[in-house]
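Peer 1: Have a look at this one before I ask anything.
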Amino acid sequence: MNWLSRLKAGLSKSSSKLSEGISTIFTHRKLDDAMLEELEDLLVMADLGSEVASRVVARFGRTRFGKDISSEEVKNALAQEIAEVLRPVAIPLSLDKPARPQVVMMVGVNGNGKTTTLGKLALRARQQGKKVMLVACDTFRAAAAEQLAVWAERSGCELVRGNPQADPASVAYTALEKARAEEVDIVFIDTAGRLQNKAGLMEELVKIMRVLKKLDPDAPHDTVLVLDGTTGQNAHKQAEVFSEMVQISGLIVTKLDGTAKGGVVVALAERFGLPIHAVGVGESIEDLQPFEPEGFARSLLG
Ligand SMILES: Nc1nc2c(ncn2[C@@H]2O[C@H](COP(=O)(O)OP(=O)(O)OP(=O)(O)O)[C@@H](O)[C@H]2O)c(=O)[nH]1
Ligand SMILES: [Mg+2]
């Protein structure tokens with residue numbers, strides 16, 4: 001299955017919700033206020049965000065009020081609007097930065113897909129012939145390093161992990177030192193995502209970043225916030241909280257398969273303007289792909 005069909009299949013719950021909603025509202029009638037209002041509610045409920053919703057509705061109201069309008073026209077126009085919002089932020093994660101090594105740090109709330117995403121990216125980097133190191137900075141949970149070890153094995157990457165309960169920042173520091181000595185191209189740092197202690201987690205991330213900068217003032221070169229697409233509005237809150245504490249350089253939104261909240265990607269793009277490097281529509285390596293705005297917009301509308 002190619003990427004577009006995967007994306008389409010993954011987004012099918014989101015697209016049927018939108019598509020059916022639009023078909024119900026627009027049954028070849030003249031466009032009136034009630035229809036516009038229903039459309040706005042539908043877009044908000046599909047997690048597209050109130051800014052995008054009101055803009056689309058205002059545009060229709062201006063150009064088409066009192067005229068016949070079909071659900072197809074609405075879908076096309078909406079797809080265009082969505083693609084426009086997404087285009088400026090669709091920026092793939094470059095694994096070719098001049099820094100040696102390039103340090104990519106994955107952050108995010110627990111269970112969002114950091115380790116899986118990191119594994120997929122590492123495998124891709126290996127396929128491009130890069131020398132890659134994976135660093136397990138979640139030293140609290142033994143299973144976290146084990147999971148990363150599986151990806152390291154699968155992709156043929158070196159794994160650096162600390163002793164149980166070791167200071168995550170010291171693991172990161174040691175790893176980067178080692179990576180430099182070994183002329184590694186890319187270092188992927190996996191971090192913990194425990195939510196029960198927000199302050200502690202943020203402090204830990206800030207500390208990891210601080211010690212990395214002692215070796216390379218520009219490190220980490222990428223700090224990627226991984227968000228779970230199924231959490232809808234909660235993803236906004238997470239993006240807000242993390243951006244306040246650490247400088248996020250880009251987003252990856254996972255688990256867009258099997259959720260009706262795929263519109264959240266659009267709302268995130270509109271609200272934060274951060275690069276969206278990729279979206280995840282499944283657990284296999286092919287299911288993480290650079291973000292393609294037109295394809296995404298069309299898939300979201302079915
Ligand atoms: N369906 C689906 N599942 C995904 C996707 N990405 C990750 N997952 C699954 O989500 C679960 C959690 O992923 P992890 O990568 O372990 O999440 P994490 O952020 O590292 O979690 P912690 O280490 O606990 O903070 C795993 O079962 C993954 O296989 C995706 O795009 N789609
Ligand atoms: Mg993990």
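Peer 1: For the chain, what is the accessible area per residue in Å², given a 1.4 Å probe and the full set of protein chains?
Peer 2: That works out to 43 Å² for each residue.
Peer 1: Mind listing the long-range amide H neighbours of L159? Cut-off is under 5 Å, sequence gap 5 or more, other chains count too, H placed in the peptide plane at 1.01 Å from N.
Peer 2: HN-HN under 5 Å from L159: L134.
Peer 1: Which ³J(HN,Hα) values, rounded to whole Hz and listed in residue order, are derived for segment 153-159 from phi using the Karplus coefficients 6.51, -1.76 and 1.60 in 6.51 cos²θ - 1.76 cosθ + 1.60 with θ = phi - 60°, glycine and proline given as x?
Peer 2: 5, 4, 9, x, 10, 6, 10
Peer 1: Still on this structure, I have one more. Enter the Cα centre distance for the pair segment 77-124 and segment 209-229, rounded to the nearest angstrom.
Peer 2: 13 Å
Peer 1: Under a 5 Å amide H to amide H cut-off, with H placed in plane at 1.01 Å, what residues pair with G280 once short-range neighbours are removed?
Peer 2: Those qualifying (amide H under 5 Å, at least 5 residues apart or on another chain) are V253, T254, K255, L256.
Peer 1: Using +1 at the Cβ of each Lys and Arg and -1 at the Cβ of each Asp and Glu in segment 98-139, identify which of M133, G111, P98 lies farthest towards the dipole's positive end.
Peer 2: Highest projection toward the positive end goes to P98.
Peer 1: Compute the relative contact order of the chain as a whole-number percentage, counting only Cα pairs closer than 8 Å that sit 6 or more residues apart in sequence.
Peer 2: 29 percent
Peer 1: Can you compute the helix-only [θ] at 222 nm over the chain? Use -39500 (n - 2.57) per DSSP H run of at least 4 residues, normalise by all residues, nearest 500 deg cm²/dmol.
Peer 2: Using -39500 (n - 2.57) per qualifying helix, the result is -16500 deg cm²/dmol.
Peer 1: Right, next: Please list 3J(HN,Hα) in residue order for segment 102-119, calculated via the Karplus relation 6.51 cos²θ - 1.76 cosθ + 1.60 where θ = phi - 60°; whole Hz, with x for glycine and proline.
Peer 2: So the J values, rounded to whole Hz, are 7, 9, 10, 10, 9, 10, x, 5, 5, x, 6, x, 4, 5, 4, 5, 4, x.
Peer 1: Using amide H atoms built 1.01 Å from N in the peptide plane, name the residues 5+ places from M105, or on other chains, whose amide H lies under 5 Å from its own.
Peer 2: Correct list: I189, D222, T223, V224.
Peer 1: Magnitude of the Cβ-charge dipole of segment 1-159, K/R +1 and D/E -1, about the Cα centre, nearest 20 debye?
Peer 2: Using Cβ point charges on Lys, Arg, Asp and Glu, segment 1-159 gives about 860 debye.
Peer 1: While we're looking at this one, here's another question. Looking at this model, which pairs from K17/K120; K13/K67; K8/K67; K97/K131; K207/K255; K30/K261 are more than 23 angstrom apart at the alpha-carbon?
Peer 2: K17/K120; K13/K67; K8/K67; K207/K255; K30/K261
Peer 1: Keeping the other protein chains in place, figure out the carbon and sulfur percent of the accessible area of the chain, with a 1.4 Å probe.
Peer 2: 51 percent
Peer 1: Each residue of segment 166-174 in order: what ³J(HN,Hα) in whole Hz does its phi give by Karplus 6.51 cos²θ - 1.76 cosθ + 1.60, θ = phi - 60°, with x for Gly and Pro?
Peer 2: Using θ = phi - 60°, the values come out as 5, 5, x, 5, 6, 4, 4, 5, 4 Hz.
Peer 1: Of the candidates R194, R141, R161, which one comes out as most mobile in a Gaussian network treatment of the chain with C-alpha springs shorter than 10 Å?
Peer 2: Looking only at R194, R141, R161, the largest GNM fluctuation is found for R141.
Peer 1: Explain nothing, just the number: dipole magnitude of segment 156-302 about its Cα centre with +1 on each Lys and Arg Cβ and -1 on each Asp and Glu Cβ, in debye rounded to the nearest 20.
Peer 2: Around 560 debye, computed over segment 156-302.
Peer 1: Let me ask you something else. Determine the order of D185, D190 by accessible area, beginning with the largest, at a probe radius of 1.4 Å. Don't skip to the end; give the middle numbers.
Peer 2: Details: D185 35, D190 5 Å².
Most to least solvent-accessible, the answer reads D185, D190.
The values are calculated or read from the model by the stated rules, or taken from the named source; none is laboratory data. None of the values given here were measured: they were computed from a predicted structure. A quick note on method: Cβ atoms are made from the backbone with ideal geometry, for glycine too, and the neighbour counts reach across all protein chains shown. The area values use the complete protein model at the heavy-atom level, side chains included, leaving out ligands, DNA and RNA. Shrake-Rupley method; radii C 1.70, N 1.55, O 1.52, S 1.80 Å.
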